[in-house]
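One structure below.
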Amino acid sequence: MALQRYCREVDVLEECMDAEQGIQAIQKHKPELIFLDIQMPNMSGFDLLLKLGPIEFEVIFVTAHNQYAVKAIKFSALDYLLKPIDPTELVMAVNKVKERQNQKDLIYRYESMLKNVKSMPGNIEKLAVSSMEGILFLETSDIIFCQAEGNYTRIFLTRQQTQLVSKKLKEFENMLSESGFCRVHHASLINMKHVHQYFKGEGGYVELKEGHHVDVSRRRKEAFLSMLDRI
């Protein structure tokens with residue numbers, strides 16, 4: 001087993017062949033870490049977690065496909081491994097778990113991830129975002145646009161509200177690209193449903209609801225206009 005060969009500090013308590021066995025083993029051993037296959041007979045790995053209630057252990061997800069669910073896993077700052085498992089990536093994932101074992105937001109991160117998984121694929125109506133205070137549940141219809149601020153993103157919401165979260169804009173783009181959001185600038189992701197008017201120019205700019213103005217870069221103009229035509 002790769003785990004015993006490359007991560008000798010990890011004690012393997014039990015190997016399970018399906019989700020029901022996994023639930024029983026988790027309840028019996030109360031592990032600090034589990035490796036969980038997303039695709040299993042009769043029940044997905046996410047269904048297993050939902051059945052267990054509050055998640056008080058770390059999870060490294062394993063999947064044969066880099067599918068939509070991986071977006072939600074990455075968005076919640078959790079780890080996954082693609083099959084066949086690369087030993088270097090395995091060691092890195094285990095080390096990340098050891099580094100964050102004492103973080104207080106463990107339960108919040110898994111609740112956030114499971115909420116986002118349930119909304120995908122397709123249009124995400126509610127986005128769960130981990131914050132220092134817990135989980136923010138944001139209606140995507142209330143998001144006017146997102147703006148990059150270094151490694152953070154400021155979310156501009158209706159009713160003149162804003163939220164600053166510790167995720168890069170690219171992560172929001174990955175999560176929301178199929179839900180009517182368009183990257184119009186390296187620093188801006190807009191909700192097309194809130195576009196009030198487009199002003200032409202080399203790139204031009206858009207006026208969004210509540211008076212926000214956002215530049216459209218020249219290289220992103222064509223994709224933006226194409227999406228605007230479909231509204």
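Listed values, structure above:
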{"read-out": "SER179 being under 28 Å from PHE57 (Cα atoms) and among the hydroxyl-bearing types (Ser, Thr, Tyr)", "value": "no"}
{"read-out": "Helices (runs of 4 or more DSSP H) contained entirely in the stretch 1-67, each with at least 2 residues that are within 25 Å of MET120 (Cβ to Cβ) and assigned by TED's automatic domain parsing to the domain that holds MET113", "value": "19-29, 45-52"}
{"read-out": "Any pair with Cβ under 6 angstrom, 6 or more apart, that starts in the stretch 157-176 at a residue that is farther than 20 Å from GLY134 by Cα and not assigned by TED's automatic domain parsing to the domain that holds TYR68 and ends at one that is surrounded by 14 or more Cβ atoms within 10 Å (Cβ to Cβ) and acidic (Asp, Glu)", "value": "THR158/ASP142"}
{"read-out": "Among the residues listed as GLN163, GLN197, the single one being of a type in the set (S, T, N, Q) and over 20 Å from the mean Cα position of the chain (by Cα)", "value": "GLN197"}
{"read-out": "Residue in the stretch 69-84 that is without any contact (Cβ under 8 Å) to a residue 40 or more places away in the chain, touching a Phe, Trp or Tyr at 6+ places or on another chain (Cβ under 8 Å), assigned by TED's automatic domain parsing to the domain that holds HIS212 and surrounded by 17 or more Cβ atoms within 10 Å (Cβ to Cβ) present", "value": "no"}
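Matching residues to (1) touching a residue at least 40 places away in the same chain (Cβ under 8 Å); (2) surrounded by fewer than 20 Cβ atoms within 10 Å (Cβ to Cβ); (3) not in a loop (DSSP other than H, G, I, E, B):
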{"residue": "ASN116", "(1), (2), (3)": "yes, no, yes"}
{"residue": "ILE124", "(1), (2), (3)": "yes, no, no"}
{"residue": "LEU127", "(1), (2), (3)": "yes, no, yes"}
{"residue": "SER130", "(1), (2), (3)": "yes, no, yes"}
{"residue": "PHE137", "(1), (2), (3)": "no, yes, yes"}
{"residue": "SER141", "(1), (2), (3)": "yes, yes, yes"}
{"residue": "ALA148", "(1), (2), (3)": "yes, yes, yes"}
{"residue": "ARG154", "(1), (2), (3)": "no, yes, yes"}
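The values are calculated or read from the model by the stated rules, or taken from the named source; none is laboratory data. For clarity, every value in this text was computed on a predicted model and none was experimentally measured. Quick reminder, even Gly has a Cβ in these numbers, built from the backbone with ideal geometry, and neighbours come from all protein chains shown.
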